[in-house]
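So the structure is just underneath, and the comments pick up after that.
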Amino acid sequence: MWKAEKQELTKKFHFQEIDRVIEFPNSGNRGKYMEYHVRIKSSDNANGTVELTVLGRFLESLEVENKYPHIVGYFKESEGEGPRFKPKYLEIRKVATIEEFWLFLNALDI
């Protein structure tokens, strides 16, 4: 995995129904999206918990699988945390499958 603390994370996706933010590093991921290394956190992140994981593992988790469709917002910047979390969405999509999320990533050239 990459050293997230030394690398600015600018590609972020907010899964609104489950309140999870996926952060992609600027570099280091190649190949299939399922194998990309990402950071997962709650938008409020009150306890500072950040999970470093593989994207496929997160997307195939029961937390994600059992809640389709998802409203997913793509953003680079946000303000505040918790109830004050306010991302500046560049694009929002409703995704009903993992494949639709891959299409979203492709459209944004992730």
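The values are calculated or read from the model by the stated rules, or taken from the named source; none is laboratory data. What you see is a predicted model; the values in this text were computed from it and never measured. All Cβ positions, even for glycine, are placed from backbone atoms using ideal geometry, and neighbour counts span all protein chains on display.
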Filter the range 57-73 for residues that are outside any strand (DSSP E or B) and touching a residue at least 24 places away in the same chain (Cβ under 8 Å); the one that is surrounded by the most Cβ atoms within 10 Å (Cβ to Cβ) is 59
Residues in the range 43-52: is at least one among the charged types (D, E, K, R), over 15 Å from residue 24 (Cα atoms), modelled with pLDDT under 95 and part of a strand (DSSP E or B)? no
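With the structure loaded, tell me whether residue 24 is among the hydrophobic types (A, V, I, L, M, F, W, C), within 21 Å of residue 94 (Cβ to Cβ) and at pLDDT below 95 or whether it fails that test.
yes
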Which residue pairs have Cβ atoms closer than 6 Å, lie 6 or more positions apart in sequence or on different chains, and pair a first residue in the range 22-45 that is in contact (Cβ under 8 Å) with a residue 12 or more places away in the chain with a second residue that is of a type in the set (Lys, Arg) and buried (at least 17 other Cβ atoms within 10 Å of the Cβ)? 23/12; 23/39; 24/11; 40/20
Looking at the range 20-56, which of its residues are of a type in the set (Asp, Glu) and loosely packed, with under 15 Cβ neighbours inside 10 Å? 35, 44, 51
Scan the range 74-105 for residues that are in contact with a strand residue (DSSP E or B) (Cβ under 8 Å, 6 or more places away or on another chain), among the basic types (Lys, Arg) and either closer than 13 Å to residue 22 by Cβ or surrounded by fewer than 16 Cβ atoms within 10 Å (Cβ to Cβ) (or both) and jot them down. 76, 86, 88, 94
